[in-house]
Amino acid sequence: MDSQAYRYRHSVSIAMLVVGTAFLGATLATPFYLAYQQSFGFSDFTLTQIYAVYVLGNMVALLFLGRLSDSLGRKPVLMAALVLACLSTLLFIFAAGTAWLFMARLVSGLAVGLASSTGTAWLVDIDARQQTGHATLQAAGANFVGSAMGPLAGGVLYQYAFAPMQLAWVCYLAALAAALILLHRVPADRPMTAGRLDLRPRIAVPGHVRPYFVAPALTAFCVFAFIGYYLALLPSIVHATLSPGGGVVSGAIMFLLFIGGLGAMLAARHSPCDRSMSHGLMLLVPALCTFYLAQHAASLWLLVLGTLLAALASGMGFGGSLRVVGRISPPRHRAAIASAYYAACFAGASIPILGIGLAAVLWGLPTASLIFTLLTCLLVAAALIVRKDTAQPGEHP
C-alpha cells in the first residue's frame, strides 16, 4: 500500500470514528430515560421536552456553526465538537435534577450537529481528491453505526452493571478522550482562511429547485418523525412487555433498527434514488401501523416486526432522499440546500414528539399515538403525490 492510499484510509477512518462516536453519545442515554424520570420525578411531557431539546442544539449547530470549518479548518472544529461532547457527558455524570438533563441534551445536540456537518465535509474533501463517490455513504454509515451502538451498550450496562448510568458515561468519556488523541495526531490539511467569520443562517432553497426539493424534504421529515417517535416510546413499551429484561431488549431492538437501516441503505445504493425514496415512504405506512399495534397489544413479536419494517423504511427513505437532494443541487447552492434538508430532518425529529407529549397530557398516550400515526400516513401520501407530480428522472433546471 502506497503512502497516499494509507493517508486516505487513515483520514477516512478518523473522520468516520469522530462522527460515529458523536452519534453514539446521542443515543446512549435512551435506555436510561425511565430511570431518570423515576429519580427526578418529572412528567411524560417533560420527558419529550428533554428528548426534543437535543434537536434544538442540532439546529443551532447546523444553521449558525456548520460553516465554521470552511474558515477555521476541519480539525479544530471537530476537536471543539468532541470537547462539547465531553462537557455534555460530565453534565450527565453529575446530573442532580431535570435542569441538568436539559443542559446535557442541549450541549450534546450542539456537539453532534457540529461533528456531523464538519465530519461529512471532511469526508467530502477527502473523497473529492480520490474520486470514489463514497462520502455520503461513509457519513451515513458512521451515523447509523454510532446510533446503533449507543442504545445497545447503554441497555447492557443498565441491565447488568453496578451504577450503570454513571459507568456508561464514564466509559463514553474515555472513548471521547481516545478520539481526541487520535484526531490530534492527524495533520491539518485544510488551512485557516482570512476574513470575517460568517455565522448567518443559510437554509434558503433557490426558486427553480423548490418543486424538486419538496418530496425529499417531506420524506426526511416523515422518516425522522417516526424514528423520534420510536425512540421516545420504545423503552416504555419494552418495559411494559418484558420488564425484567427491558434494558437489554430495548437496546438490542434499537441496534436492530439502525443496523437494519444501514443494511437497507447499502442494498439500495445502486437503485435509482427516486425509486429508493418512494419505496421507503411506502414501507413507512406498515411500519407505523405495526408499531401502533405493538404498543397497544404489548406484543414483542409485533415490535420486532415493526422494527424491521422501520429499518427498511428509514434506510431506503433517508438514503434515497439524500441522494435526490444531491442530484438536484446546483454546486453554488449545495450548502444552503443541504442545510434546508437537514433542517427538515431535525424538525421531524422534534416537533411531532412535542405534539405527542402535549396530546398525551390532554387525551392520553393511546389517542396521541393514533393521531401521530394517522397524520404521518397523510404526510407520506402527500410526499408520494408531490414526487409523482414533480420528479422527472435526471431533469432539473
If each K or R counts +1 and each D or E counts -1, the residues other than ARG323 whose Cβ falls under 11 Å of its Cβ total +2
Can you work out ³J(HN,Hα) from phi for every residue in region 88-100, in order, using Karplus 6.51 cos²θ - 1.76 cosθ + 1.60 and θ = phi - 60°, giving whole Hz and x for Gly and Pro?
4, 5, 5, 5, 5, 4, 9, 4, 10, x, 4, 4, 4
Note the full-extension length gain between ILE351 and ALA267 as 0.36 nm times their separation in residues minus their Cα-Cα distance, in nm to one decimal.
27.2 nm
Taking 0.36 nm per intervening residue step and subtracting the Cα-Cα distance, what contour gain separates LEU182 from TRP363 on full extension?
60.1 nm
Could you check the spin-label model distance between MET282 and ALA161? Points 7 Å from the Cα along Cα→Cβ, value in nm.
4.3
Per the rule of 0.36 nm per residue minus the C-alpha distance, extending ILE371 to ASP44 adds in nm 116.0 nm
³J(HN,Hα), Karplus 6.51/-1.76/1.60, whole Hz, each residue of region 264-271, x for Gly, Pro
5, 5, 5, 5, 9, 5, 9, 7
For the pair HIS208 and VAL304, what calculated FRET efficiency results from E = 1/(1 + (r/R0)^6), where r is the Cβ-Cβ distance and R0 = 56 Å, to the nearest 0.05?
0.80
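Expressed as a rounded percentage, what relative contact order does region 18-146 have, with Cα pairs under 8 Å and six or more residues apart? Display every interim value, and only then the final one.
Details: 153 pairs, mean separation 50.5, N = 129.
This gives 39 percent for region 18-146.
Read-outs throughout are calculated quantities, based only on the coordinates presented, and are distinct from any laboratory measurement. Remember, predicted model here, so these are calculated numbers, not experimental data. Glycine also receives a Cβ, built like all others from the backbone with ideal geometry; neighbour counts cover every protein chain displayed.
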